[in-house]
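The values are calculated or read from the model by the stated rules, or taken from the named source; none is laboratory data. These numbers were taken from a predicted model, which means no experiment stands behind them. Cβ placement follows ideal geometry from the backbone for every residue including glycine, while neighbour counts extend to all protein chains displayed.
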Amino acid sequence: MSGNAKIKEPKPGIAMRWRGGLAEKFGGQAAVEFALVLSVAMIVLFVAIQLALIGEAALSLGQMNYQGARFAAVETCATGDEVATYMYYIGSPTVTTPSSCGSALTIKIADSTNNYTLTTYSGATSACGASSQPSYTTGGCATPRTFGTQVTVNVTFDVTKGNILFLGQSFFGVSFQSLQTLSSTETAMAE
């Protein structure tokens with residue numbers, strides 16, 4: 001062979017021609033589609049995270065409320081302040097908000113022994129920052145709750161003060177206005 005002879009290169013196959021044609025024809029389409037799908041997916045993700053945080057706060061309130069009513073029913077000499085302090089202590093950090101020591105919570109305790117006088121506690125108690133369970137009256141109180149006495153505990157959580165709305169009051173048409181306060185009520189009978 002001489003130095004000027006050219007070696008014939010094989011012709012590209014049909015697959016090579018087809019793929020190369022698509023790349024030239026649809027070069028930026030994938031990036032545009034990805035950007036559109038990503039923006040919608042991120043909105044859905046953020047709304048789902050926001051609703052999960054609100055749901056977790058609602059579950060925390062229910063558990064805190066149940067534990068408070070049970071505590072008041074078992075510890076018949078516990079005062080309203082002691083029940084509220086216990087509830088703050090066992091409450092989830094989501095609703096007791098350690099930075100503000102429960103300023104977003106309102107606890108109402110009604111005791112049929114006291115003719116249903118409603119006692120309301122709002123904000124911090126002595127349980128704020130407590131590392132151990134608070135003490136309470138174990139006996140010898142003036143008017144202990146008798147067997148069958150109803151104790152009703154209502155807990156309200158102000159979501160806007162609780163700092164769990166990271167998306168604000170509305171986000172791309174999804175409104176969280178109706179979720180500004182969460183509430184839970186529990187009644188227990190004294191044992």
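Filter the stretch 143-167 down to residues that are touching an Asp or Glu at 6+ places or on another chain (Cβ under 8 Å) and assigned to a loop (DSSP other than H, G, I, E, B) and give me whichever is surrounded by the fewest Cβ atoms within 10 Å (Cβ to Cβ).
Of everything passing the filter in the stretch 143-167, F147 is surrounded by the fewest Cβ atoms within 10 Å (Cβ to Cβ).
Here's the yes/no breakdown for (1) at pLDDT 85 or above; (2) more than 21 Å from G148 (Cβ to Cβ); (3) assigned to a helix (DSSP H, G or I):
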site: L51; (1), (2), (3): no, yes, yes
site: L59; (1), (2), (3): yes, yes, yes
site: A69; (1), (2), (3): yes, no, yes
site: A84; (1), (2), (3): no, yes, yes
site: Y89; (1), (2), (3): no, yes, yes
site: V95; (1), (2), (3): no, yes, yes
site: P98; (1), (2), (3): no, yes, no
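Does L105 satisfy being at pLDDT below 85 and under 32 Å from the mean Cα position of the chain (by Cα)? Break it down into steps so the answer makes sense when it comes.
On the way: at pLDDT below 85: yes; under 32 Å from the mean Cα position of the chain (by Cα): yes.
Answer is yes for this residue.
With the requirement that a residue be surrounded by fewer than 19 Cβ atoms within 10 Å (Cβ to Cβ) and of a type in the set (D, E, K, R), what does the stretch 68-86 give you?
Here is the first cut: in the stretch 68-86, the ones surrounded by fewer than 19 Cβ atoms within 10 Å (Cβ to Cβ) are 70, 74, 77, 79, 81.
Hits for the stretch 68-86 are R70, D81.
Given the criterion at pLDDT below 80 and within 22 Å of the chain's Cα centre (by Cα), identify the matching residue among N154, N163. Full working, then the answer.
Numbers: N154 fails: at pLDDT below 80.
Selected residue: N163, the only one of N154, N163 that is at pLDDT below 80 and within 22 Å of the chain's Cα centre (by Cα).
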